[in-house]
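The values are calculated or read from the model by the stated rules, or taken from the named source; none is laboratory data. Please read these numbers as outputs of a predicted model, since none were measured by experiment. Cβ: placed from backbone, ideal geometry, glycine included. Neighbour counts: every protein chain shown. The area values use the complete protein model at the heavy-atom level, side chains included, leaving out ligands, DNA and RNA. Shrake-Rupley method; radii C 1.70, N 1.55, O 1.52, S 1.80 Å.
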Amino acid sequence: MSEPNLFEQSPVYRMACDQLRDVAGLIDLDPNIAERLAVPKRSLVCAIPIKMDNGETEVFIGYRVQHSLTSGASKGGLRYSPHVDIGEVAALAMWMSWKCGIMNLPYGGAKGGIACDPATMSLGEKERLTRRFTEEVLPIIGPRTDVMAPDMGTDEQTMAWIYDTYSMKIGYACPEIVTGKPVELGGCIGRREATGRGVVFCIREALAELKIEPHEATAVVQGFGNVGSVTCEELAKHGTKVIAVGDRYGSIRNTNGIDVAALIRYVNADARKSVVGFPGAEAIADADLLTTPCTVLVPAAMERQITKENAAKLKCRILAEGANGPTTPEADALLSGSDIFVIPDILCNAGGVTVSYFEWVQDIQQLMWSHTQVNEKLRELMLDAFHRVRKMSKDRGIPMRMAALGLGVKKVAIEKQRRGLFP
Ligand code: GLU
């Protein structure tokens, strides 16, 4: 056994590697290729000193990891979160490779992160942080090299700052350097909603297979950021009752159904940014959120939320993973022995990067699509991917997660094999 590499100190990274190892046998992955896929291609760690509003200088640590550059530019979000580290970013970058592989997008996987708490920072501090980070990663980003997008703790405004900083450096406006930008700057209509919409396309296919009508189903959603809130909206639109929701500050429940539109207004009012205290529901303990009986459970927050401690207590029929890596491999082993229909993360939340791809294509062509074109194409690609994964799962008698990983890893592996090893 060789010494653990720098990424392997992270449980999230070990989890991504365990998944890769588990799927390798299933798809007869050449061990020489497996070796290359288990470590990210390129990583950059940088110190980002910025002047805080109080006049003091603070230094943040930033990361950008490009897992694979085999299929095209690397692609993936940038997250601002207090505990982000190189291993977590590397795992998320690896998952992006498989996600782009399943969706047949011409991208490799990447991810970035800055260890900071955006909830406690002013707009000016966040702008200086983002612009300085962009400057630091300049040598390894580019519209044909690595394209960033929003993730946890970042948004359209963050992308606008990156776009502007990059464009100022190269001397002309280059909207295709990032996706998830404001629509006025070349962002794609529907990009913000895309991940949640994709999650609900998958849920509806699973409900149809289980012969459950959407209006007979109930849902519990962990996380009320971009993915969680849009998922709730889309579920409600199709008649599915959202009965419990949680965020980092607390959890709420109303078994008669939460008024999602009212909850969104409540969260956005007075910069409250939390579901806690919503008058149309009762407070519940966070530990009870995931185990609330429901038809569909959507973890849409952090990785490693469904663990060997709580997996056997889940009382849902469908587990739709809106977050990246919400289920640990130990929990997964327990779930595969149950009758829970798992829609794995790299399939379930792939709507976001899919519409990012639409945005990149539109910016390169300077030809923008309509709302209908975006949503119809998203639906077509999500359903196609869902049914390819489902077919592999049924044909091979393997869990949905292994089928999804199998398809994603295989796409990248074939490309690596055909390109050969340089020199
Ligand atoms: N951060 C998102 C994800 O995890 C989107 C990435 C992108 O659009 O490039 O899939």
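Anyone know which of Thr218, Thr328, Thr255 comes out most mobile in the 10 Å Cα GNM of the chain?
Checking each option, the largest mean-square fluctuation is seen for Thr255.
Assigning unit charges at the beta carbon (Lys, Arg +1; Asp, Glu -1) and nothing else, what dipole magnitude in debye, to the nearest 20, does the range 1-45 show about its Cα centre? Provide the component values of the computation, followed by the final result.
Working: 5 positive and 7 negative charges, 50 e Å.
Here the range 1-45 has a charge dipole of around 240 debye.
So, by mean Cβ neighbours within 10 angstrom, what's the order for 370-383, 106-119 with the highest one leading?
106-119, 370-383
What residue among Asp18, Asp345, Asp363 shows peak mean-square fluctuation when the chain is described by a Gaussian network model with Cα springs under 10 Å?
Top of the fluctuation ranking is Asp18.
Tell me which aspartates and glutamates have Cα within less than 16 Å of Lys313's Cα, excluding those fewer than 8 residues away on the same chain?
Asp286, Asp288, Glu330, Asp332, Asp339
List, in order, the whole-Hz ³J(HN,Hα) value for each residue of the range 300-317 obtained from phi through the Karplus relation with A = 6.51, B = -1.76, C = 1.60 and θ = phi - 60°; use x for Gly and Pro.
Running phi through 6.51 cos²θ - 1.76 cosθ + 1.60 with θ = phi - 60° gives 10, 10, 10, 6, 6, 9, 9, 10, 5, 6, 10, 4, 6, 9, 5, 10, 10, 9 Hz.
If the cut-off is a Cα-Cα distance under 12 Å, which aspartates and glutamates reach Lys237, setting aside same-chain residues fewer than 8 apart in sequence?
Here the aspartates and glutamates satisfying the reach criterion relative to Lys237 are Asp259.
Charges at C-beta only: +1 for Lys and Arg, -1 for Asp and Glu. How large is the resulting dipole of the range 161-287 about its Cα centre, in Debye rounded to 20?
200 debye
Counting pairs of alpha carbon atoms under 8 Å apart in space and at least six apart in sequence, what relative contact order in percent does the chain give?
Computed over the chain, the figure is 16 percent.
With a point put 7 Å past each Cα toward its Cβ, work out how far Glu376 is from Lys394 in nm, to one decimal.
Label-label distance for Glu376 and Lys394, simple model: 2.7 nm.
Using the C-alpha atoms of the range 275-423, what convex hull volume per residue, in cubic angstrom, is computed? All intermediate terms of the calculation are to be shown ahead of the outcome.
Working: hull volume 27.4 nm³, N = 149.
Spelled out: Cα convex hull of the range 275-423, divided by residues, is 184 Å³.
Give, as a single signed number, the net charge of other residues whose beta carbon lies under 11 Å from the beta carbon of Leu69, with Lys and Arg counted +1 and Asp and Glu -1.
Residues close to Leu69 contribute a combined charge of +4.
With no solvent and one equal point scatterer per Cα, compute the Debye intensity ratio I(q)/I(0) for the range 57-186 at 0.10, 0.15, 0.16, 0.18 Å⁻¹ and report its log10, rounded to two decimals.
So the normalised log intensities work out to -0.28, -0.65, -0.74, -0.94.
When the label point is put 7 Å from the Cα of Val361 along its Cα-to-beta-carbon vector, which residues of the range 180-199 have a backbone N closer than 17 Å?
Correct set: 180, 187-192, 194-195, 198.
Let me make sure I get this right: for the range 199-313, a, b and c are the square roots of the gyration tensor eigenvalues over alpha carbons, sorted descending. Under 1.5 in a/c it's rounded, otherwise prolate if a/b > b/c, else oblate. Which is it? Each step should come with its number before you reach the end.
Working: a/c = 1.66, a/b = 1.20, b/c = 1.38.
In terms of gyration-tensor shape, oblate.
All other residues with a Cβ under 11 Å from the Cβ of Asp164 taken together, and with Lys, Arg as +1 and Asp, Glu as -1, what is their net charge?
+2
Ignoring ligands, DNA and RNA, what percent of the accessible area of the chain is carbon or sulfur (1.4 Å)?
Looking at the chain in its full context, I get 52 percent from C and S.
Under Stokes-Einstein, with the Kirkwood radius over Cα pairs standing in for Rh, what whole-number D in µm²/s applies to the range 1-137 at 4 °C and 1.567 mPa s?
This corresponds to a translational diffusion coefficient of 81 µm²/s.
Express in whole angstrom the spacing between the alpha-carbon centres of the range 125-204 and the range 89-103.
The distance from the Cα centre of the range 125-204 to that of the range 89-103 comes to 18 Å.
Check the straight Cα-Cα distances from Lys99 and name the lysines below 18 Å, setting aside those fewer than 8 residues away within the same chain.
Filter leaves Lys41, Lys75, Lys111, Lys377, Lys391, Lys410, Lys411, Lys416.
Over the chain, give the accessible area per residue in Å² for a 1.4 Å probe, as an integer.
42 Å²
Between Arg419 and Leu26, what FRET efficiency comes out of the Förster formula 1/(1 + (r/R0)^6) with R0 = 35 Å and r the beta carbon distance, rounded to 0.05?
0.95
Counting Lys and Arg as +1 and Asp and Glu as -1, each charge on the Cβ, what is the dipole of the chain about the Cα centre in debye, to the nearest 20? Provide the component values of the computation, followed by the final result.
Values: 48 positive and 51 negative charges, 187 e Å.
With Lys and Arg at +1 and Asp and Glu at -1, about 900 debye.
Taking the Cα centre of each part, how many Å lie between the range 267-300 and the range 1-69?
Cα centres, the range 267-300 to the range 1-69: 32 Å.
Helix-only mean residue ellipticity at 222 nm, the chain, DSSP H runs n ≥ 4 weighted -39,500 (n - 2.57), per residue, nearest 500. What is it?
-14000 deg cm²/dmol
Could you give the radius of gyration (one decimal) and Dmax (whole number) of the Cα atoms in the range 110-249, in Å?
Using the Cα atoms of the range 110-249, the pair Rg, Dmax is 18.2, 56 Å.
Tell me the volume per residue, in Å³, of the convex hull enclosing the alpha carbons of the chain.
Roughly 148 Å³ of hull volume per residue.
What net charge do the residues around Tyr13 carry, taking every other residue with its C-beta under 14 Å from that of Tyr13, with Lys and Arg at +1 and Asp and Glu at -1?
My count for the surroundings of Tyr13 gives -1.
Of the candidates Leu123, Leu185, Leu44, which one comes out as most mobile in a Gaussian network treatment of the chain with C-alpha springs shorter than 10 Å?
Leu123
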